[in-house]
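A.B. asks: First the structure, then my questions, so here it is.
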Ligand code: HEC
Ligand code: HEC
Ligand code: HEC
Ligand code: HEC
Ligand code: HEC
């Protein structure tokens, strides 16, 4: 949905990239908000709190090893400095390095086999809002303003798969916006 009252056509395009109009629907997650029927209590609680459910990643990706090897976040999260969406890497991004690096390890052989079969890694989202929360976010202005990734995502470099250990609630966003004289009108963050 792109409300006519919200900004320009370009603004709508910026915040609503076609390939990520909504977080993918995950197993156990429905898109219908107005029903009390949920497969599990946890799913109902997640919906109530507007959180994405937790799920198992296709492989246990080690952030610690990569960040420890001084690989920049933007190598894999390519859009983070330039646009609204950081993005999650496809198996082709992995293979830029792993065609040659650590080819004898089981997890690398697993992703190589997936690439050879034309399969991709369907990462399960960790951060992000359910569509019904009507929140829009944009990475680029934060990176330009030198807000650290860790402020909003914790110390990912010490983790294997990413853990959601920062609560990105409205108070968290608005407090910093007030302190930094960043915009605080509702349509800055809502659609
Ligand atoms: C910029 C290069 C680069 C990219 C891109 C990259 N890796 Fe790595 N990866 C490395 C390096 C360097 C190591 C450490 C290798 C070592 O320990 O000898 C590593 C190690 C690993 C390991 C640990 C291997 C083991 O069991 O010891 C896994 C698993 C892995 N990478 C998965 C991935 C996946 C999945 C992707 C894509 C999402 C990816 N890597 C993208 C460079 C990269
Ligand atoms: C001001 C807070 C903030 C900062 C700083 C920030 N992020 Fe995010 N990040 C978010 C929010 C909020 C989301 C969920 C956005 C959504 O779902 O629309 C997110 C989502 C992501 C995602 C999931 C994929 C996506 O594009 O939605 C990745 C990956 C990510 N961030 C990486 C990074 C990296 C790397 C940095 C530092 C270079 C960073 N973030 C800095 C708040 C932040
Ligand atoms: C070599 C590739 C690679 C590098 C470098 C990397 N990441 Fe990731 N990142 C991934 C992959 C793959 C995932 C999906 C699996 C997961 O959630 O852990 C991911 C997931 C994330 C997520 C969760 C996104 C979501 O909402 O699902 C955040 C946040 C994130 N990374 C932040 C960072 C930050 C901050 C850095 C730099 C300190 C960084 N990443 C460096 C590959 C990478
Ligand atoms: C640690 C401080 C900090 C936090 C936390 C933070 N922001 Fe921001 N944000 C800023 C700053 C500073 C700017 C303004 C950068 C500029 O002037 O270009 C900004 C800009 C923005 C913009 C672009 C505004 C515009 O029109 O130029 C959006 C959208 C936004 N933030 C949403 C959010 C949301 C949603 C959250 C919570 C998930 C959040 N921010 C958390 C500091 C923060
Ligand atoms: C700087 C960003 C930002 C601004 C400005 C902002 N919001 Fe929010 N708001 C959020 C985020 C992020 C959430 C989602 C919180 C979550 O899901 O945990 C949210 C959630 C909400 C909710 C759902 C209830 C809740 O608290 O989770 C309402 C209602 C709401 N906002 C109304 C408003 C109104 C009205 C304004 C203007 C006075 C406003 N917001 C301005 C970021 C913002």
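A.B. asks: In nm, to one decimal, how far is the residue 57 label point from the residue 104 one, both placed 7 Å along Cα→Cβ?
C.D. replies: 2.5
A.B. asks: On a full-extension model of 0.36 nm per residue, what is the gain between residue 145 and residue 82, subtracting their alpha-carbon distance, rounded to one decimal in nm?
C.D. replies: Between residue 145 and residue 82, full extension yields 21.4 nm more.
A.B. asks: Quote to one decimal, in nm, the extra length available between residue 132 and residue 155 on full extension: 0.36 nm per residue of separation minus the C-alpha distance between them.
C.D. replies: Taking residue 132 through residue 155 to full extension adds about 5.4 nm, to one decimal.
A.B. asks: Among rounded, prolate and oblate, which fits the stretch 89-129 when a ≥ b ≥ c are the square roots of the eigenvalues of its C-alpha gyration tensor, a/c under 1.5 means rounded, and a/b larger than b/c means prolate?
C.D. replies: Prolate.
A.B. asks: Would you mind calculating the gained length between residue 67 and residue 182 on full extension (0.36 nm times residue separation, minus the Cα-Cα distance), in nm to one decimal?
C.D. replies: 38.4 nm
A.B. asks: Just rank 85, 166, fewest to most, by other beta-carbon atoms within 10 angstrom.
C.D. replies: Placing the least packed residue first, the sequence is 166, 85.
The numbers here are math on the coordinates, done by the rules we state, and not lab data. Bear in mind that the values here come from a model prediction, so they are computed numbers and not experimental data. Backbone-built Cβ (ideal geometry, glycine too); neighbour counts: all protein chains shown.
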